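Below is one structure, written out as structure tokens; the observations come after it.
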Amino acid sequence: MRTSGVTATEDAQAHAEWEYAELDGGPASGLRLRVSDRPKAIQVTLPCELVDPVDPTTPAGLRVEALYIYRRDLRVKTEPLRYGFDGVSP
């Protein structure tokens, strides 16, 4: 339901509490960012390059990305929040 031109999602985002966080370890170590609602995990991706010619049956726009997961350190209660690299995930 829309009220005054603002969706519920937009309203929630406008009132979300943003906090600074820092990634520790892995390919994005030291990266600082802002998060809302203290997510339990953050996903970082890096593009991979396709070397061999793409088969004609391959879907258009196919991308391959390396996936890295960072999990929130629950012991840290104040900014910057800390997210540690999870080398065994996903």
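The values are calculated or read from the model by the stated rules, or taken from the named source; none is laboratory data. Keep in mind that what you see is a predicted model, and the values were worked out from it rather than measured. For neighbour counting, all protein chains shown are included, and Cβ atoms are generated from backbone atoms with ideal geometry for every residue, glycine included. To get the accessible areas, we keep the full protein, side chains included, count just its heavy atoms, and leave off ligands, DNA and RNA. Shrake-Rupley method; radii C 1.70, N 1.55, O 1.52, S 1.80 Å.
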Distance in nm between Thr45 and Thr58 label points, each 7 Å along Cα→Cβ, equals 1.6 nm
Taking protein heavy atoms only, a 1.4 Å probe, and rounding to whole percent, the accessible area of region 11-90 owed to carbon and sulfur comes out at 53 percent
Under the Karplus relation with 6.51, -1.76 and 1.60 and θ = phi - 60°, whole-Hz ³J(HN,Hα) for region 75-88, x at Gly and Pro, equal 6, 8, 9, 10, 5, x, 5, 10, 10, x, 5, 10, x, 9
In Å², rounded to a whole number, the accessible area per residue of region 15-90 with probe 1.4 Å is 75 Å²
Each label sits 7 Å from Cα toward the beta-carbon; between Glu19 and Leu67 the label points are separated, in nm, by 2.6 nm
Taking Glu79, Glu19 and ranking on accessible area (1.4 Å, protein atoms only), highest first, one gets Glu79, Glu19
